[in-house]
Structures are given as structure tokens and as C-alpha cells.
1. Relative contact order for region 365-518: what is it in percent, counting Cα pairs under 8 Å that are at least 6 residues apart?
2. Using a 10 Å cut-off around each Cβ, can you sort 211, 32 from fewest to most neighbouring Cβ atoms?
3. I need the calculated FRET efficiency for the pair residue 121 and residue 357, taking r as the beta carbon distance and R₀ as 35 Å, to the nearest 0.05.
4. Taking the DSSP beta bridges in region 365-518 as the whole, what percent of them are antiparallel, to the nearest 5?
5. Taking the DSSP beta bridges in the chain as the whole, what percent of them are antiparallel, to the nearest 5?
6. Per-residue counts of other Cβ atoms within 10 Å, averaged by peptide: what ranking do you get for 325-332, 275-282, highest first?
7. Could you tell me how many degrees, from 0 to 90 and to the nearest 10, lie between the Cα long axis of helix 456-477 and the main elongation axis, the longest principal axis, of the Cα atoms of the chain?
8. Give me the percent relative contact order of the chain, please, defined on Cα pairs under 8 angstrom at least 6 residues apart.
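Read-outs throughout are calculated quantities, based only on the coordinates presented, and are distinct from any laboratory measurement. What you see is a predicted model; the values in this text were computed from it and never measured. Backbone-built Cβ (ideal geometry, glycine too); neighbour counts: all protein chains shown.
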């Protein structure tokens with residue numbers, strides 16, 4: 001009776017995620033023969049069967065049944081397979097590096113085999129006897145295609161350079177894949193950023209986000225409009241369907257009420273884009289920070305004179321405004337054991353080292369002393385006035401001088417109190433660190449900052465509420481933390497420490513943040 005209920009009811013919320021087998025009819029029978037479930041085998045992960053039955057999609061524990069039918073897997077020779085589809089930026093270097101690191105940690109060999117121009121497999125085998133342990137199948141395309149493959153049940157994991165769209169989320173939910181916006185449905189593997197690039201000889205040294213948006217909207221056509229020679233601007237972008245391109249439209253064009261112009265050269269890989277820009281002194285492109293090659297990256301500037309350059313630290317802290325987290329999305333169904341172990345590995349400290357060596361920005365927290373934040377303090381002094389008097393700056397410096405800033409920061413979705421994707425990952429990361437005692441005998445201070453839009457006192461109150469909300473979210477996630485071993489507090493300084501100009505949406509977005517300081 002227990003087995004029947006587990007198969008027919010509880011299993012409705014448990015799913016299997018293995019590379020789909022050839023659909024075949026099978027019958028699963030309990031040991032006493034009293035219960036049978038028949039249907040089309042959708043998958044087997046070495047532990048659980050997933051069937052499409054007349055009752056709907058069911059998941060059944062393989063240890064309690066026998067399988068009969070042409071689709072039954074060979075239990076003795078079973079090898080877990082995992083299908084990954086999506087972003088070429090992630091599939092070309094990042095995931096292979098992580099898979100090889102995972103194999104090395106387990107004492108396995110990782111062998112790469114090419115299946116086509118853009119598809120390949122990683123086969124993991126034991127080092128002692130050569131027994132096959134797992135196969136990772138890659139279909140390399142872009143973020144759009146990755147989500148399409150997931151919805152078609154042709155992928156188990158999506159490699160994405162943007163968050164899932166509302167229509168994709170709805171279709172995934174209707175297909176029984178769960179709510180893909182839940183925290184357990186995605187992981188941020190590493191961090192990238194959208195950066196404007198030009199040829200090394202281009203005289204332009206920095207660019208405002210408004211000018212950058214107008215260039216790619218076709219409103220600025222000549223370099224003469226930017227103080228350069230009278231020559232047309234050649235535009236280069238990632239291919240249509242690329243998550244990086246879509247993130248650029250979401251973060252750069254749409255807030256300005258602009259749309260992408262025609263006549264843009266498209267590139268399937270960011271490295272190809274950077275090389276094309278280097279070869280043309282009159283070109284400009286939006287590239288992946290991880291793949292700029294010999295192209296020169298332009299800092300972003302605002303009307304007030306503040307400048308923000310993309311580097312590892314500014315991307316980690318999200319002080320650079322065009323950060324693009326690299327996501328791994330997975331449906332709400334059970335993964336093979338080796339896949340579950342891999343997903344634990346990619347969040348580990350060892351994996352952060354692999355990510356950095358592969359040329360990407362990892363998520364390991366860094367400590368930043370006050371002495372290393374001269375530009376930020378200079379901005380604060382330059383912005384001081386009636387709204388932020390000298391006394392408030394002195395209070396801030398007195399509070400923060402003995403502390404060290406962590407690169408772990410928190411920002412919020414536009415027009416919302418919900419933390420953005422990178423910040424949600426930071427909540428989990430900081431919670432794990434608290435649980436393992438990484439900050440025992442230390443003091444963590446959540447410090448809220450705001451933009452300068454509105455009265456200073458009101459902005460400080462809003463910043464304090466955000467700091468309290470982030471602190472509470474971290475403590476909820478850190479279920480096993482011993483609060484007797486670490487001191488946690490909150491503070492707010494409102495608009496006293498601006499990172500960017502307040503004359504644009506992106507500038508205000510950068511300034512609204514919660515930082516973590518440590519002593």
C-alpha cells in the first residue's frame with residue numbers, strides 16, 4: 001500500500017532528470033506482483049524511473065520494482081548521461097573547466113569527444129579500471145536555444161547569460177518542470193559583464209551609458225558626434241538569441257526607451273566579435289568581459305564625472321552596472337547522483353579557483369580595505385553638501401574605517417525590493433559561510449546605501465530597511481548558524497557614498513545597494 005501511494009501520489013512531485021531514453025513502453029511491478037504501473041519510459045537516472053502513464057507523469061523508486069519491456073535500461077551497465085544546452089560563452093571554456101576539475105577531484109579521467117561543429121561530449125571514467133561513470137552531452141548554441149531544448153525535453157541543464165523570460169517560465173511550469181524562478185531551479189556559476197570595446201587605436205577613452213545606448217539605437221551614427229573623426233560607426237553585437245545581447249537590450253536600451261537598430265554585424269562567439277572590432281578602427285561592440293582579446297574596454301561614465309571600469313572586483317561587487325551572471329537552470333525533477341554531486345562541486349571553494357583560472361569572475365568573497373577605496377571616498381567628498389553634511393561623512397568614515405568590506409554585495413531589481421539574481425546567489429553564499437563558521441568571533445555589518453533622489457533622511461531610512469531585509473534573508477537561509485559565535489548588525493548612510501551619477505536609471509540602480517563589512 002505504501003509503495004502504491006508513493007508511486008501514484010508522492011511521486012507526482014518528484015522528477016527524474018537523465019538524458020531521455022528512446023521512448024518505449026515498460027511495466028514496473030512490485031515484488032509481490034500486487035501493483036503494476038505501465039507507461040512510456042521517459043528517463044532513468046540509475047535510481048528512479050520516470051514514466052508517462054494514463055495518470056500523468058510518475059516517478060518510481062527503482063529499488064522497489066522490476067522492469068519489463070523493450071525500453072527497460074540495463075541496470076548493470078547503466079551510465080548517467082546529462083544533456084547541457086545553451087550559451088557558447090559558457091560551453092566553450094567554463095563548463096569544460098569545471099567538469100575537468102570535478103573529474104580530477106574524484107580521481108576520474110575526463111575525455112572530450114567532438115560530435116559536430118558545435119556539439120561535444122565529456123566522458124568521465126574511473127582512473128583505476130576505466131569504468132564509465134558519466135557522460136555530459138553538450139549542445140552549443142545560445143541562451144534562447146538552451147531554453148527551447150529544455151522545453152522540448154532535449155536538455156537537462158540550460159546554460160544561460162540571462163534570467164528566464166516570463167513566457168519561458170510559464171511554458172516550463174505547464175510542462176511540469178516547476179517554477180523556474182524558484183531559488184532551487186538555478187545557480188549562478190560565475191560572473192560576466194557586458195563591456196563596450198573598441199580598437200586599441202581608437203581615440204575614445206570612455207563613454208556614457210546614454211551615448212552607448214544611442215549608438216546601438218542608431219541615433220548616433222558618426223564618431224564626430226563623440227569628438228572623434230568624421231567616420232561612420234560600425235556596430236558589432238552577439239548573435240540574435242544570445243543571452244548577452246538580450247541582457248544588453250534589457251539593461252541598456254529598454255530603460256532609455258530605445259530599440260536596437262538594423263545594420264549590426266552579428267557574431268556567434270564573443271571572441272570573434274572582439275577580433276572584428278580590433279581589425280576596424282571605426283568599430284564599437286558589446287562583448288563579454290571574459291572574451292575581449294586585444295580590444296580595449298571603455299569605462300562607463302556619467303554626466304557628474306563618476307567613472308566605472310569593469311574589472312574582477314567591480315564585477316564581483318556589482319559596482320559595475322552591466323554585470324551578466326552566468327546561470328545554470330534545471331527543471332524540478334530528480335538528477336542522477338553524479339549530476340547532483342557536480343552541482344555541489346560548482347559551488348565549492350575549489351571550483352571558484354577553477355573558474356578564475358578559466359578567465360571568468362568567480363564568487364569567492366574578497367576583502368577590500370578602506371585604503372583601497374579612494375575613488376569611492378573621493379566621490380563622497382565631492383557629493384557632500386546640504387543633503388549630506390560633513391558630520392554624516394565623518395560618522396560614516398568613523399564607522400567603516402576599522403572594518404573591511406567584503407566583495408559580497410546586494411542590489412535590487414528595478415522598481416522592486418526583490419534582490420537581483422546575483423544578490424540572491426550572494427544570500428545563499430553568505431548563508432553557507434555563516435553555517436560553516438567562516439565568520440565566527442567576527443562582526444558582520446550590513447550597510448545600506450541609496451541614490452540621491454529625494455530627501456536625505458528618507459533615503460537613509462529606506463537604505464536601513466533594505467539592509468535589515470538582506471540581513472533577515474541571509475539568516476533565514478543560514479538555518480544552522482550559531483548566532484552566539486558571530487555578531488551581526490545593520491547600519492545605513494543613505495546617499496553618502498555614491499558609486500555613479502544619479503541622473504540615469506542605471507546610476508541610481510548602482511547606488512541603491514547593501515554592502516557587507518567585516519571586523
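1. This gives 33 percent for region 365-518.
2. The fewest-first ordering by Cβ neighbours comes to 32, 211.
3. 0.95
4. If we restrict to bridges inside region 365-518, about 70 percent are antiparallel.
5. Taking every DSSP beta bridge with both residues in the chain, the antiparallel ones total about 70 percent.
6. 325-332, 275-282
7. Approximately 20 degrees, to the nearest ten.
8. Taking the mean separation of contacting Cα pairs over the length of the chain, I get 13 percent.
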